[in-house]
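**Student:** The structure is given below, and queries will be raised subsequently.
Computed from the coordinates by the stated procedures, all read-outs in this text should not be read as laboratory data. This structure is a prediction, so every number in the text was calculated from the model and none was measured. Using ideal geometry, Cβ is built from the backbone for each residue, glycine included, and neighbour counts are taken over all protein chains shown.
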């Protein structure tokens with residue numbers, strides 16, 4: 001099982017010093033063997049990160065092996081092409097360590113289909129060169145006609161090739177988004193808070209994620225349901241990476257959203273969740289935890305999860 005870290009940014013009073021503390025913790029955690037580091041897109045508090053891709057691109061130059069994941073990405077905060085580009089830039093700088101997880105539609109106030117189309121658009125733009133896209137919520141380029149095929153389509157190969165930069169002020173009917181990701185498969189996940197997204201992601205082979213704010217019992221039910229739908233659709237487990245994010249209270253009390261107790265208690269709880277849901281990536285959402293907690297988790301829990 002892969003084990004990663006994410007952070008409650010309200011543990012920091014302001015961005016400058018708080019982000020420096022986070023960078024130091026990442027450096028320490030990478031030495032301990034943590035697999036991934038997740039920065040959530042947020043704007044509510046002073047230390048929140050509104051541009052995780054920028055933060056992680058900087059972090060890519062301070063780390064060597066850790067996966068760098070954008071979490072909670074919202075579909076209304078940027079143009080579709082910009083989201084595809086920012087992940088590609090991060091993947092290029094990090095030499096294939098980028099990943100992306102979208103926030104659920106319920107938290108964004110949009111239709112689930114809007115999130116689904118964004119995922120389809122982004123992954124299609126990485127896979128092909130010139131393309132256009134027609135959906136109910138997305139259209140690229142904006143002048144794509146109503147009679148274009150739904151989803152992503154590519155031009156027919158005919159006549160002389162004319163690069164898009166030679167079109168001048170005129171926008172081509174098909175455009176290429178560059179750069180492409182450095183790696184051959186950039187991980188993309190979506191939080192499966194609503195049934196429509198759960199069913200769609202399971203059928204399409206999109207990795208599921210359950211965030212730290214969902215009660216653990218509900219999280220386990222939703223991940224197990226995802227696996228049932230995926231199995232019926234003929235999807236294999238190797239196609240996806242099921243991600244569960246939880247808060248942890250070492251030597252503390254567990255509650256409906258937090259795993260607590262001794263390191264052995266927490267290890268057994270995570271192993272039980274893995275058995276019932278098939279999760280392959282566990283993310284510890286860190287709040288007011290100490291460096292010693294990080295060391296104890298790495299030495300007494302993480303090492304046995306990966307044994």
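**Student:** Determine the gain in length on full extension of the stretch residue 217-residue 256; use 0.36 nm per residue of separation and subtract their C-alpha separation, reporting nm with one decimal.
**Tutor:** 13.3 nm
**Student:** Something else now. For the Cα atoms of the chain, what angle does the longest principal axis make with the long axis of helix 263-277, in degrees from 0 to 90, nearest 10?
**Tutor:** Helix 263-277 sits at roughly 40 degrees to that axis.
**Student:** Can you sort 13, 117 so the residue with the fewest Cβ neighbours within 10 Å comes first?
**Tutor:** Ordered by Cβ neighbours within 10 Å, fewest first: 13, 117.
**Student:** Here is a follow-up. May I ask for the angle, rounded to the nearest 10°, between helix 216-232 and the longest principal axis of the chain, with both axes built from Cα atoms and the value confined to 0 to 90°?
**Tutor:** 40
**Student:** Enter the Cα centre distance for the pair segment 197-222 and segment 68-113, rounded to the nearest angstrom.
**Tutor:** 17
**Student:** Quick check on the exposure proxy: order 48, 120, 21 from fewest to most C-beta atoms within 10 angstrom.
**Tutor:** 21, 48, 120
**Student:** Here's a follow-up. Once the piece of chain linking residue 32 and residue 111 is laid out straight, how much longer is it, given 0.36 nm per residue of separation minus the C-alpha distance between them? All intermediate terms of the calculation are to be shown ahead of the outcome.
**Tutor:** Working: separation 79, 0.36 × 79 = 28.44 nm, distance 4.05 nm.
Here the answer is 24.4 nm.
**Student:** Here's a follow-up. Which of [x] 1.12; [y] 1.00; [z] 1.04 is the computed Cα Rg over 2.2 N^0.38 Å for the structure on display?
**Tutor:** Checking each listed value against the structure points to [z].
**Student:** For residue 237 and residue 128, what is the calculated FRET efficiency with R₀ set at 35 Å and r taken between the beta-carbons, to the nearest 0.05?
**Tutor:** Values: r = 27 Å, r/R0 = 0.77.
Once rounded, the FRET efficiency stands at 0.85.
**Student:** At a threshold of 8 angstrom on Cα-Cα distance, excluding pairs fewer than six apart, so keeping six or more, what relative contact order does segment 68-120 reach in percent?
**Tutor:** Relative contact order comes out at 45 percent.
**Student:** Can you tell me what share of the DSSP beta bridges in segment 2-305 is antiparallel? A percent to the nearest 5 is fine. If you can, show how the numbers build up before the last one.
**Tutor:** Values: 8 of 43 bridges.
DSSP beta bridges in segment 2-305 are roughly 20 percent antiparallel.
**Student:** Taking 0.36 nm per residue of sequence separation and subtracting the Cα-Cα distance, how much length would be gained by fully extending the chain between residue 264 and residue 224, in nm to one decimal?
**Tutor:** Going from the current span to full extension adds 12.0 nm.
**Student:** Using Cα-Cα distances under 8 Å and only pairs 6 or more residues apart, what relative contact order does the chain have, in percent? Could the numbers behind the result be given before it?
**Tutor:** Values: 546 pairs, mean separation 54.2, N = 307.
The normalised contact order for the chain reaches 18 percent.
**Student:** Another one. Among 294, 23, rank each residue by its count of other Cβ atoms within 10 Å, from fewest to most, as a rough exposure measure.
**Tutor:** Listing 294, 23 from fewest to most nearby Cβ atoms yields 23, 294.
**Student:** With a 10 Å radius around each residue's Cβ, average the other Cβ atoms per peptide and rank 128-135, 88-95, highest first.
**Tutor:** 88-95, 128-135
**Student:** I've got another one for you. Between residue 203 and residue 45, what FRET efficiency comes out of the Förster formula 1/(1 + (r/R0)^6) with R0 = 45 Å and r the beta carbon distance, rounded to 0.05?
**Tutor:** That gives a FRET efficiency of 0.80.
**Student:** While we're here: Once every DSSP H run of n ≥ 4 in the chain is given -39500 (n - 2.57) and the sum is divided by its residues, what mean residue ellipticity at 222 nm do you get, rounded to the nearest 500 deg cm²/dmol?
**Tutor:** Taken over the chain, the calculation gives -11500 deg cm²/dmol.
**Student:** Okay, next question. As I understand it, the value is the acute angle between the Cα axis of helix 15-32 and the longest principal axis of the Cα atoms of the chain; what does it come to in degrees, rounded to 10?
**Tutor:** Its long axis makes an angle of about 70 degrees.
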